[in-house]
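Here is the structure we will look at.
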Amino acid sequence: MKTERTLSEKRALWAWMFITVPLLYFVLVRFYPTLDAFSISLTDWNIVGEKSFVGLDNFIALFSDPVFWVVLGNTFEYLLLGVPISLLLSFTIAYYLDQIRFGHGFLRACYFIPFLTTAVAMAWVWRWFYQPVPIGMINLALGQMGIVQMEFLRSTTQALPAVLAPAIWAGLGFQIVIFIAGLRAIPNTYYEAARVDGAGSWQILKEITLPQLRPTIIFLVVISSIGFLRIFDQVYNMTQEGEGGPLNATRPLVLHIYKAAFDDFEMGMAAAQTVVLFVILSVITLIQLRVLRDDKD
């Protein structure tokens, strides 16, 4: 005899129906290309011809290429400079912005707008800022203060920080909003009890605010790390002909992969670099899971 489904079974059925669409998307658009990259990395392929199996030759050639190590160093430089600077700036702004009541929404929107701005348009505006006088606004301002103009994107030492600055600026809005949400999730009773005990502002920040923000900080560290490891738009649009120059001084791994795939048509080499990037991102994700597990324990 056919029995009618229970309410919980109907809810589970509807849940699976809604989950199926994004699940198919991730399998076809995310998981399959990722797995396919591993197989392509073991071949010599130029997109239009036949794939020929070469084993680990792509990885051997990759690790023996001095340019790859320069690119990998640039990638980690973006990471090691971008993450702490962006988090420190965003937390400082969020901390004081949360204490403002008049015009809070307007100020928060002003900080969030760069996050919504098209990366290409923003990169070209900053590229214009960095131009020599009389075009570049930054060098023009430096000249008016009696400071010698800087090379910025034309310098092998200044180009990477110059590209990194707009990338940090663009992501501040998102980080500020997340930090504000974390700050407002801290119960007010903690602060009231601390003030009754005579704790000062610095002690409250150190003993209450920062420990309570640990999950938020971990989340932003991981998200920001992945973002800076995958930096592309700013470098491609701000450097000469999108080469990541001068002399590969600003070229990150993602741009190197793009050039190998669509300029040199070496899909096997590009896939090998993608696998390296995948391993790096996976290690960071595993570290996140370990830290979060320790935090819960």
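If I filter segment 188-203 for residues that are surrounded by 19 or more Cβ atoms within 10 Å (Cβ to Cβ), more than 20 Å from PHE112 (Cα to Cα) and of a type outside the set (D, E, K, R), do I get at least one hit? So that I can check it myself, show each step before the final result.
Initially, segment 188-203 is screened for residues surrounded by 19 or more Cβ atoms within 10 Å (Cβ to Cβ), giving none.
Looking for residues that are surrounded by 19 or more Cβ atoms within 10 Å (Cβ to Cβ), more than 20 Å from PHE112 (Cα to Cα) and of a type outside the set (D, E, K, R), one finds none in segment 188-203, hence no.
Quick one: count up the residues across segment 215-246 that are at pLDDT below 90 and among the basic types (Lys, Arg).
Count: 0.
Considering each residue of segment 181-228, count those that are touching a residue at least 12 places away in the same chain (Cβ under 8 Å) and of a type outside the set (A, V, I, L, M, F, W, C), and give that number.
The total comes to 13.
Hey, does segment 46-56 have a residue that's part of a helix (DSSP H, G or I) and either over 30 Å from ALA270 (Cα atoms) or in contact (Cβ under 8 Å) with a residue 40 or more places away in the chain (or both)?
Kept after step one, since they are part of a helix (DSSP H, G or I), are these residues of segment 46-56: none.
Scanning segment 46-56 turns up no residue that is part of a helix (DSSP H, G or I) and either over 30 Å from ALA270 (Cα atoms) or in contact (Cβ under 8 Å) with a residue 40 or more places away in the chain (or both).
Would you mind stating whether LEU87 is assigned to a helix (DSSP H, G or I) and either of a type in the set (Phe, Trp, Tyr) or closer than 30 Å to TRP202 by Cβ (or both)?
Details: assigned to a helix (DSSP H, G or I): yes; either of a type in the set (Phe, Trp, Tyr) or closer than 30 Å to TRP202 by Cβ (or both): yes.
Considered against the rule, which asks whether it is assigned to a helix (DSSP H, G or I) and either of a type in the set (Phe, Trp, Tyr) or closer than 30 Å to TRP202 by Cβ (or both), LEU87 comes out as yes.
Among what's in segment 90-103 and is of a type outside the set (Asp, Glu) and outside any helix (DSSP H, G or I), pick the residue that is nearest to MET238 (Cα to Cα).
Of the residues in segment 90-103, the ones of a type outside the set (Asp, Glu) are 90-97, 99-103.
Those still in the list that are outside any helix (DSSP H, G or I) too: 99-103.
Numbers: GLN99: 37, ILE100: 36, ARG101: 38, PHE102: 38, GLY103: 34 Å.
Within segment 90-103, the match that is nearest to MET238 (Cα to Cα) is GLY103.
How many of the residues in segment 176-187 are within 15 Å of GLY105 (Cα to Cα) and surrounded by 15 or more Cβ atoms within 10 Å (Cβ to Cβ)? Spell out how you get there, then give the answer.
Residues of segment 176-187 that are within 15 Å of GLY105 (Cα to Cα), as a first pass: 176-181, 184.
Next cut, surrounded by 15 or more Cβ atoms within 10 Å (Cβ to Cβ) only: 176-180.
Adding up the residues that qualify gives 5.
Regarding segment 121-142, can at least one residue be identified that is assigned to a loop (DSSP other than H, G, I, E, B) and open to solvent by less than 30 Å² (accessible area, probe 1.4 Å)?
Of segment 121-142, the ones assigned to a loop (DSSP other than H, G, I, E, B) are 130-136.
Filter once more, keeping what is open to solvent by less than 30 Å² (accessible area, probe 1.4 Å): 130, 136.
Yes - at least one qualifying residue is present in segment 121-142.
Restricting segment 43-66 to residues that are open to solvent by 50 Å² or more (accessible area, probe 1.4 Å) and of a type in the set (A, V, I, L, M), which is farthest from ARG230 (Cα to Cα)?
Looking at residues that are open to solvent by 50 Å² or more (accessible area, probe 1.4 Å) and of a type in the set (A, V, I, L, M), I get VAL48.
Among the residues of segment 278-286, is there at least one that is touching a helix residue (DSSP H, G or I) at 6+ places or on another chain (Cβ under 7 Å) and of a type in the set (Gly, Ala, Ser)?
No: zero hits.
Those residues that are surrounded by fewer than 22 Cβ atoms within 10 Å (Cβ to Cβ) and in a helix (DSSP H, G or I), I need them from segment 146-159; list them, please. First the steps, then the outcome.
Quick first cut of segment 146-159, residues surrounded by fewer than 22 Cβ atoms within 10 Å (Cβ to Cβ) only: 146-151, 154-158.
Passing the criteria: only ARG154.
One line per residue, one yes/no per condition, for (1) charged (D, E, K, R); (2) over 19 Å from VAL222 (Cα atoms); (3) assigned to a helix (DSSP H, G or I):
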{"site": "TRP69", "(1), (2), (3)": "no, yes, yes"}
{"site": "GLY82", "(1), (2), (3)": "no, no, yes"}
{"site": "GLY105", "(1), (2), (3)": "no, yes, yes"}
{"site": "ARG108", "(1), (2), (3)": "yes, yes, yes"}
{"site": "PHE115", "(1), (2), (3)": "no, no, yes"}
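Does THR75 qualify as being closer than 30 Å to ILE168 by Cβ, open to solvent by less than 70 Å² (accessible area, probe 1.4 Å) and modelled with pLDDT under 85? Don't jump to the end; show me each part of the working.
Values: closer than 30 Å to ILE168 by Cβ: yes; open to solvent by less than 70 Å² (accessible area, probe 1.4 Å): yes; modelled with pLDDT under 85: no.
No, not satisfied.
Considering only residues that are part of a helix (DSSP H, G or I) and among the charged types (D, E, K, R), look in segment 239-280 and name the one that is surrounded by the most Cβ atoms within 10 Å (Cβ to Cβ).
Within segment 239-280, the subset part of a helix (DSSP H, G or I) is 240-242, 253-262, 267-280.
Still in the list and also among the charged types (D, E, K, R): 241, 259.
Numbers: GLU241: 7, LYS259: 19.
Residue satisfying both the conditions and the ranking: LYS259.
Given the options LEU80, LEU72, LEU107, name the one that is touching a residue at least 40 places away in the same chain (Cβ under 8 Å) and on the phi < 0 side of the Ramachandran plot.
Working: LEU80 fails: touching a residue at least 40 places away in the same chain (Cβ under 8 Å); LEU107 fails: touching a residue at least 40 places away in the same chain (Cβ under 8 Å).
Matching residue, one of LEU80, LEU72, LEU107: LEU72.
The values are calculated or read from the model by the stated rules, or taken from the named source; none is laboratory data. Computed from a predicted structure; not experimentally measured. Glycine also receives a Cβ, built like all others from the backbone with ideal geometry; neighbour counts cover every protein chain displayed. Surface accessibility is based on the protein's heavy atoms, side chains included, excluding ligands, DNA and RNA. Shrake-Rupley method; radii C 1.70, N 1.55, O 1.52, S 1.80 Å.
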